[in-house]
Amino acid sequence: MAPLAHSILVTGSNRGIGMELVRQLVEMTDPPEHIFATCRNPDGPRGKALHDLADKHPNIHVVQLEVEDQSSVKAAVPVVESHLKGKGLNLLINNAGRNSCTLLLEDVDQQDMLSDFSTNVAGPIIVVKEFLPLLKRAATETTTEELSCRKAAIINVSSLIGSIGGFDVSVPPMYSYRSSKAALNMITICLSVELKKDGILCTSVHPGWVKTDMGTEKAPLTVQCSVQGILKVLANLSSSSTGAFLDWKGNSIPW
Ligand SMILES: NC(=O)c1ccc[n+]([C@@H]2O[C@H](COP(=O)([O-])OP(=O)(O)OC[C@H]3O[C@@H](n4cnc5c(N)ncnc54)[C@H](OP(=O)(O)O)[C@@H]3O)[C@@H](O)[C@H]2O)c1
């Protein structure tokens, strides 16, 4: 089977869904040549599990990247470039996220709103902006017009509860988180339109409700199961899936 992509960058990969993405990518029968496992504090205690994994796999490169700090994002680009040795970056997975859990209107706090938007909206768009030259380069390396993760793609890890069209009244409003993911979805659509001519696909993916620090133990889905599904979905993305909002099983979600 062809590799999902030759080079993949994952933000927020030191725990949760990001860490499991890196773990399953490296265990594929045909793993990516380069996996850039980024995290904001690689040398702190939270980076240890990622370093332990990277020590066993030379194709994992641990890279410092704080999505809220543009200078950190900018500094990560030449580090990634130095490993790619003239080649482009095929797949960027904007996974890092935050949920300040302001459940009801009475809980809403300006700083929480700004923090969720900073991580979940401003973060991903800045990461795309800074890595765009490497994504564009990757897109020119394949002759096929068909969009795919093997060519060049951006995946924004979004959430079903950011859906306006499929608004779920059984879930608390969670104003800051839900509105930040709705905004991220708008970014996905804008990018899919703007970058189509450059051969770059952009899709929002909902991982399911997953047992992680964010999803909590109450979640029905294991992180292993969610990521297995996500990776299957990514392998099947094509020109028709750019600008789509899909769940971890590949089902379409209303915006
Ligand atoms: N779990 C679910 O049920 C669920 C459902 C729908 C969508 N999602 C989305 O899936 C993605 C991953 O969630 P998760 O469940 O794996 O969450 P998680 O276990 O809380 O992990 C979040 C990850 O994001 C990183 N991160 C947070 N802020 C960051 C920043 N400013 N810069 C760089 N990294 C940052 C964290 O790093 P630190 O360790 O440094 O904090 C951590 O690696 C998120 O976008 C989330 O919104 C999750």
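Summary table below
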| item | result |
| --- | --- |
| The range 196-255, relative contact order [Cα under 8 Å, separation at least 6], % | 40 percent |
| With at most 12 other Cβ atoms within 10 Å, longest stretch of the chain clear of loop trypsin sites (Lys or Arg not before Pro) (DSSP) | 86-217 |
| Pair Gln64, Glu145: separation of 7 Å Cα→Cβ label points (nm) | 4.5 nm |
| Interatomic Cα distance distribution for the range 147-255, bins of 5 angstrom, percent | 2, 13, 22, 23, 20, 12, 6, 2, 0 |
| Per-q log10 I(q)/I(0), the range 1-98, q = 0.13, 0.21 Å⁻¹ (Debye; single scatterer per alpha-carbon; no solvent) | -0.39, -1.05 |
| Relative contact order (%) - criterion: Cα under 8 Å, at least six apart; region: the chain | 19 percent |
| Approximate spin-label separation Val171-Asn251, in nm, with each point projected 7 Å along Cα-to-Cβ | 1.3 nm |
| Using a Förster distance of 22 Å, the FRET efficiency for Glu106-Asn41 (Cβ separation, nearest 0.05) | 0.10 |
| Relative contact order, percent, the range 157-200 [alpha-carbon distance under 8 Å, six or more residues apart] | 38 percent |
| Rh by Kirkwood over Cα pairs, then Stokes-Einstein D for the chain at 1.306 mPa s and 10 °C, µm²/s | 88 µm²/s |
| Cross-link pairs Lys211/Lys249; Lys129/Lys196; Lys56/Lys85; Lys136/Lys196; Lys136/Lys197; Lys129/Lys197 - those with Cα-Cα distance over 19 Å | Lys56/Lys85 |
| Per-residue ³J(HN,Hα) for the range 90-106, Karplus 6.51 cos²θ - 1.76 cosθ + 1.60, θ = phi - 60°, Hz, x for Gly and Pro | 7, 9, 10, 10, 7, 9, 3, x, 8, 9, 7, 6, 7, 5, 10, 4, 5 |
| Ranked list, fewest to most other Cβ atoms within 10 Å of each Cβ, for Ile189, Ile164 | Ile164, Ile189 |
| Under 13 Å from Lys232, Cα to Cα: aspartates and glutamates that are on another chain or at least 8 residues apart | Asp247 |
| Taking Met174, Met214 and counting other C-beta atoms within 10 Å, the order from fewest to most | Met214, Met174 |
| Amide H partners (placed H, <5 Å) of Gly88, local residues excluded | Ala138 |
| Burial ordering of Phe117, Phe167, Phe36, fewest other beta-carbon atoms within 10 Å first | Phe167, Phe117, Phe36 |
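Read the figures in this text as sums done on the coordinates, not as results from a lab. Predicted, not measured: the structure shown is a model, and the values here were computed from it. We place every Cβ from the backbone using ideal geometry, glycine too, and count neighbours over all the protein chains shown.
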